[in-house]
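Input: a single structure, listed below in structure tokens.
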Amino acid sequence: MDMMELLLPYRRRILWTLLGLIVGILWITIGFGYTLLIVACMLVGYLIGKWQDGALNVQKWVQFFTR
């Protein structure tokens, strides 16, 4: 077995740990407000990309927020 096969079951834990590390470093270096702005821009970009891919169900989102 190579290293990738050994790490494959833990890929989500590794990804989220690295993401948390990056957000923590940003928070310490540039502050909470700027970090929050970067995360919000990333979320908007993700949603736009998902919508353009045809994988975003806008009606479900509207129903969720208008309950």
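The values are calculated or read from the model by the stated rules, or taken from the named source; none is laboratory data. The structure presented is a predicted model; accordingly, all values stated were derived computationally and were not measured. Note that each Cβ is placed from the backbone with ideal geometry, even for glycine, and that neighbours are counted across all protein chains shown. To get the accessible areas, we keep the full protein, side chains included, count just its heavy atoms, and leave off ligands, DNA and RNA. Shrake-Rupley method; radii C 1.70, N 1.55, O 1.52, S 1.80 Å.
Which shape class, rounded, prolate or oblate, goes with the chain when its Cα gyration tensor gives a ≥ b ≥ c as root eigenvalues, a/c under 1.5 marks rounded, and past that a/b bigger than b/c marks prolate?
Cα axes put the chain in the oblate bin.
Could you report the chain's accessible area per residue, 1.4 Å probe, as an integer in Å²?
Each residue of the chain exposes 95 Å² on average to a 1.4 Å probe.
Order Asp53, Asp2, most accessible first, counting only protein heavy atoms with a 1.4 angstrom probe.
Asp53, Asp2
Net charge near Trp61, counting Lys/Arg +1 and Asp/Glu -1 over other residues with Cβ under 14 Å of its Cβ?
+3
Show that you can apply the helix-only estimate: for the chain, add -39,500 (n - 2.57) for every DSSP H stretch of four or more residues, divide by all residues, and state [θ] at 222 nm to the nearest 500.
Using -39500 (n - 2.57) per qualifying helix, the result is -26500 deg cm²/dmol.
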